[in-house]
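Take a look at the structure set out below.
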Amino acid sequence: MNVKVIKTIKGCKPMQEMQEAVVTEDNGEEGRLINIFPDIEYQEIEGFGGAFTEAASTTLDKLGSENREKVLKLYFDPVEGIGYNLGRIHMNSCDFSLGNYSCVEENDDTLESFNIERDKGSVIPMIKEAMAYGDICIFSSPWSPPAYMKTNGQMNRGGKLKEEYFELWAEYYVKFIEEYRKCGIDIWGITVQNEPKAVQPWDSCVYTAEEERDFVKNYLGPKMEKIGVKIMFWDHNKERVISRSRVMLGDEEAGKYIYGIAFHWYSGDHFEQLEMFHRLYPDRALVFSEGCYEYSLGAQDTVKIGEKYAHDMIGNFNNYCNMFCDWNLLLDEKGGPNHVGNYCDAPIMADTQNDTLYVHDSYYYIGHFSRYVKKGAKRIGSSKWTSAIGTVSFKNPDGSIVSIVLNTTEDEIPFFFSIQGKIVKTTAEAHSIGTYIFHSRKEEKV
């Protein structure tokens with residue numbers, strides 16, 4: 001067995017390859033152990049990615065050709081970048097758009113005016129360029145129907161979808177997907193509604209669990225089934241995963257259309273809810289569909305944001321998450337553009353005035369997963385001796401074992417891996433993340 005070690009340590013060059021670890025026979029080592037059990041398999045991992053928002057694409061458009069290519073390579077190149085293969089897009093506008101917009105003219109009750117010309121101007125070119133690096137699984141989410149379809153007469157500040165527009169709104173998804181397919185972009189899945197419990201000052205629309213269930217059961221589900229598109233519900237914070245699921249999946253007619261549940265992280269860990277969801281609905285996927293942190297362009301220390309990402313990813317994957325999708329791929333020097341001033345952070349940010357990129361620690365921390373855990377990998381059994389570190393392990397389709405170890409403390413923590421009768425002695429440095437890749441000698445020859 002040999003072990004490849006990649007580490008990001010606070011204050012050092014990120015994602016650096018370290019000297020190969022020393023492997024010895026396991027003679028009953030006890031104490032500071034991370035045990036890995038490759039034969040104990042859990043969920044399959046489908047991919048990692050981020051959101052192609054209008055904010056991301058218009059920021060990319062303001063960069064010179066060299067930095068434009070660099071951003072795309074950093075994210076999507078599987079060798080020189082971090083190998084993203086998943087992307088989220090917004091249907092109609094979201095807060096990270098330049099303003100409110102929809103794909104139809106106001107009061108169009110036939111959808112004859114439907115078009116995606118706005119997306120063709122910026123978002124679609126970015127997606128197409130990213131696709132040059134490999135296959136990307138795309139899913140779409142609406143933040144709001146057009147204003148005339150809603151009870152409050154506007155795209156912002158919540159409101160509900162008027163009952164008389166349920167059928168037309170479901171057909172709207174179909175047209176959006178068909179138009180993207182004409183552009184060579186296959187939308188694999190949709191979420192019913194972004195954050196259906198939140199009344200936001202930006203694009204938003206509220207559904208009760210029963211309303212979301214009935215919309216899927218009677219309108220959206222049959223249409224998506226006909227065109228071969230997966231449906232994910234909820235698309236909101238983890239603390240209500242179970243209560244929402246009981247309504248949606250407790251209905252057999254609605255449940256038959258559901259691929260899985262999408263969730264965010266904004267209200268805390270609640271990892272237990274993911275485990276409970278899997279226990280109740282073991283054949284349904286768990287998709288992390290959005291997360292971001294506060295604006296930090298130019299900050300001297302963004303390690304803590306990277307650590308927050310890794311903490312959440314470890315907790316999610318240890319509790320049956322199948323996919324991870326970050327929020328904006330790229331934002332500008334203001335943390336936008338954003339049409340309501342809801343400025344945020346992104347793993348890569350750009351000073352568009354000076355054509356300068358800032359690659360934050362969060363990019364590298366995500367990369368410790370996305371670059372080395374391949375599509376089709378299985379999470380495998382592992383255990384650790386202390387709560388001072390976080391860890392999760394995977395087995396790739398090629399048989400290699402990947403274990404990720406996070407240390408958010410101020411202390412250096414020496415420890416041992418126990419795997420397949422071998423012991424690997426190593427250290428988790430203070431404020432570090434390490435990816436350990438284990439190959440057997442037999443696999444090497446193959």
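Bear in mind that the values in this text are calculations on the coordinates, not laboratory data. Computed from a predicted model, the values in this text were never measured in an experiment. Using ideal geometry, Cβ is built from the backbone for each residue, glycine included, and neighbour counts are taken over all protein chains shown.
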Item checked: Pair residue 251, residue 334: separation of 7 Å Cα→Cβ label points (nm) -> 4.1
Next item on the list: Would you mind getting the Kirkwood hydrodynamic radius of segment 47-372 from its Cα pairs, rounded to one decimal in Å?
Entry: 19.7
Next item on the list: Apply 1/(1 + (r/R0)^6) to the Cβ-Cβ distance of residue 109 and residue 280, taking R0 = 30 Å, and write down the FRET efficiency to the nearest 0.05.
Entry: 0.15
Next item on the list: Could you line up 217, 226 from fewest to most neighbouring Cβ atoms inside 10 Å?
Entry: 226, 217
Item checked: residue 65-residue 117 pseudo-label distance in nm [points 7 Å out on the Cα-to-Cβ vector] -> 2.9
Checklist line | Centroid-to-centroid separation of segment 380-398 and segment 226-248 [C-alpha atoms, Å] | finding: 28
Item checked: residue 420 versus residue 148: modelled label distance in nm, points set 7 Å from Cα along the beta carbon direction -> 6.3
Notebook entry, point to check: Ranking 435, 110 by Cβ neighbours within 10 Å, fewest first, what do you get?
Noted result: 110, 435
Notebook entry, point to check: Which helices of the chain meet both criteria: a Cα extent of 30 Å or more along the helical axis and a mean Kyte-Doolittle score no lower than 0.0, with helices taken as whole DSSP H segments?
Noted result: none
Notebook entry, point to check: Once the piece of chain linking residue 301 and residue 242 is laid out straight, how much longer is it, given 0.36 nm per residue of separation minus the C-alpha distance between them?
Noted result: 17.6 nm
Item checked: the chain: calculated mean residue ellipticity at 222 nm from DSSP helix runs of at least 4, using -39500 (n - 2.57) -> -7500 deg cm²/dmol
Margin query: Suppose R0 equals 45 Å. What FRET efficiency, 1/(1 + (r/R0)^6) with r the Cβ-Cβ distance, do residue 16 and residue 210 give to the nearest 0.05?
Written below: 0.30
Checklist line | Globularity index of segment 376-446, i.e. its alpha-carbon radius of gyration over 2.2 N^0.38 Å | finding: 1.17
